[in-house]
Amino acid sequence: MDLATLMFVSYRAMDERVVRVIRDAGYDVTPAQARIAQRIADDGSRLTDLAQSAQVTKQTASLLVAALEREGIVERVPDPEDGRARLIRLTERGRAASVAAMEVVMGVEKEWAEHLGPELTRDLREALVRLREVTDPYA
């Protein structure tokens, strides 16, 4: 299996666990909605920035944000720097979902670290951070 597929398999395993826990906690979200929500900055994000970061069209990001808004996870508020623009930010419900998701992520990372051992875990993190430098234009 090539490296990208191996990374994707691990990513998907984590992604599925996070979404399952979030759904079990009463949040009706899809993996695509969760991926958009995780990119929202603490002080809010513009839709165009979310779309770019998630590498989806603005229309797709808009649909995902609208679904999150209906679920009470995000809200749109005026951008204090530009009265014509709106920011998308997490609601209290959304922040609670984010905390729950992060607990799952940390738990999975701990399982992986126990499986790989501290040295290989450190090397893997370092390698992925370095790889991100050449593959992620938004890093």
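Which members of the range 103-139 meet the condition of being touching a helix residue (DSSP H, G or I) at 6+ places or on another chain (Cβ under 9 Å), under 21 Å from Val18 (Cβ atoms) and of a type in the set (A, V, I, L, M, F, W, C)?
Result: Val104, Val105, Val108, Trp112, Ala113, Leu116, Leu124, Leu128.
Can you tell me how many residues in the range 88-139 are free of Cβ contacts under 8 Å to residues at least 40 places away in the same chain, surrounded by 14 or more Cβ atoms within 10 Å (Cβ to Cβ) and of a type in the set (Val, Ile, Thr)?
Qualifying residue count, the range 88-139: 2.
Only helices (runs of 4 or more DSSP H) wholly contained in the range 17-118 count here; list those with 3 or more residues that are among the polar types (S, T, N, Q). Can you show your working first?
Working: elements: 31-37, 47-54, 58-70, 92-116.
Per the criteria, 47-54, 58-70.
If I go through the range 51-66 residue by residue, how many of them are in contact (Cβ under 8 Å) with a residue 24 or more places away in the chain and surrounded by 18 or more Cβ atoms within 10 Å (Cβ to Cβ)?
Count: 4.
The numbers here are math on the coordinates, done by the rules we state, and not lab data. Not measured: the values here are computed from a predicted model. Ideal geometry is used to build each Cβ from the backbone, glycine not excepted, and the neighbour counts take in all protein chains shown.
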